[in-house]
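Each remark here refers to the structure printed beneath this line.
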Amino acid sequence: MATETKSLLCDVKNSCLMIVDVQEKLSAVMPEKVINRLKTNTDVLLTAANQLKIPVITTMQYPKGLGGIENFVKDKLNETSKCFEKTSFSSLEAEGLEDHLKELDKKQIILMGLESHICVLQTAIEFTEKGYDVFVVSDAIASRKLTSYETALIRLEQAGVWLLNTESVLFEWLRDASHPDFKALSKLIL
């Protein structure tokens with residue numbers, strides 16, 4: 001669980017990657033450029049998380065209406081990944097999710113997904129209020145409208161959530177060019 005001292009860098013030993021509501025019908029209404037960026041950065045983050053044995057959690061907002069998890073996410077999930085269905089906008093309210101996090105004993109939530117100003121925002125704020133170190137990957141979240149995305153970033157900063165990009169997450173997890181996975185994972189972005 002969380003500690004009183006906030007970690008300023010993503011730590012491979014304390015991280016959990018959470019992918020919020022990257023679902024078929026939600027992705028379909030995103031601008032093409034935005035969804036392409038999300039696909040690219042999702043691939044990098046999931047590949048790195050799998051290689052570094054970082055647990056991955058996904059959520060689905062009302063799958064009956066918004067469809068299942070996008071294939072570009074589903075295809076990268078491994079057998080240890082857990083998916084939680086929800087109707088609440090905050091992922092923290094998904095049944096069983098908080099208990100699963102306690103079992104994982106991770107204090108950092110690396111957050112990405114859809115939509116920036118609704119589910120990602122509420123999830124980030126609620127986890128911050130619970131004492132977790134929350135890092136939102138700004139180039140791996142999206143909204144239908146640019147103004148919604150920009151407003152979400154402002155709100156997240158005001159709430160004390162750390163904002164960073166995909167490359168920052170990757171290199172904070174690795175920490176050193178001598179890391180055994182550095183060569184393989186740095187090729188994802190170089």
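Mind checking which residues of the stretch 95-119 are part of a helix (DSSP H, G or I) and either surrounded by fewer than 21 Cβ atoms within 10 Å (Cβ to Cβ) or touching a Ser or Thr at 6+ places or on another chain (Cβ under 8 Å) (or both)?
97, 98, 99, 100, 102, 103, 104, 116, 117, 118, 119
Would you mind telling me which numbered condition in (1) farther than 24 Å from residue 144 by Cβ; (2) surrounded by fewer than 16 Cβ atoms within 10 Å (Cβ to Cβ) residue 25 fails?
Result: residue 25 fails condition (1) only.
Is it true that residue 11 is at pLDDT 95 or above, closer than 15 Å to residue 166 by Cα and in a loop (DSSP other than H, G, I, E, B)?
yes
Can you name the number of the only condition in (1) part of a loop (DSSP other than H, G, I, E, B); (2) charged (D, E, K, R); (3) at pLDDT 95 or above that residue 126 fails?
Looking at each condition in turn, residue 126 falls short on (1).
Of all residues being in a helix (DSSP H, G or I) and of a type outside the set (A, V, I, L, M, F, W, C) in the stretch 163-180, which is farthest from residue 109 (Cα to Cα)? Just the residue, please.
This residue is 167.
If you scan the stretch 42-65, which residues turn out to be among the β-branched types (Val, Ile, Thr) and part of a loop (DSSP other than H, G, I, E, B)?
Selection gives 54 alone.
Do any residues in the stretch 66-87 that are in a strand (DSSP E or B) have Cβ atoms under 8 Å from those of residues that are of a type in the set (Gly, Ala, Ser) and crowded, with 17+ Cβ neighbours inside 10 Å, where the two are at least six apart or on different chains, and which pairs are they?
Within 8 Å, the pairs are 84/91; 84/94; 85/94; 86/94.
Of all residues in the stretch 49-94, which are at positive phi and surrounded by 14 or more Cβ atoms within 10 Å (Cβ to Cβ)?
Answer for the stretch 49-94, where residues must be at positive phi and surrounded by 14 or more Cβ atoms within 10 Å (Cβ to Cβ): 62, 67.
Taking into account only those residues within the stretch 134-165 that are over 18 Å from residue 17 (Cα atoms) and of a type in the set (A, V, I, L, M), which is surrounded by the fewest Cβ atoms within 10 Å (Cβ to Cβ)?
Only one residue tops the list, namely 154.
Can you run down the residue pairs with Cβ atoms below 9 Å, 6 or more apart or on separate chains, where the first is in the stretch 22-48 and within 23 Å of residue 185 (Cα to Cα) and the partner is part of a helix (DSSP H, G or I) and among the acidic types (Asp, Glu)?
44/167
Kindly establish whether residue 185 is under 22 Å from residue 132 (Cα atoms) and either surrounded by fewer than 19 Cβ atoms within 10 Å (Cβ to Cβ) or more than 16 Å from the chain's Cα centre (by Cα) (or both).
no
The values are calculated or read from the model by the stated rules, or taken from the named source; none is laboratory data. Remember, it's a predicted structure, so these values are computed and weren't measured experimentally. Positions of Cβ are generated from backbone atoms using ideal geometry, with glycine treated the same way; all protein chains shown enter the neighbour counts.
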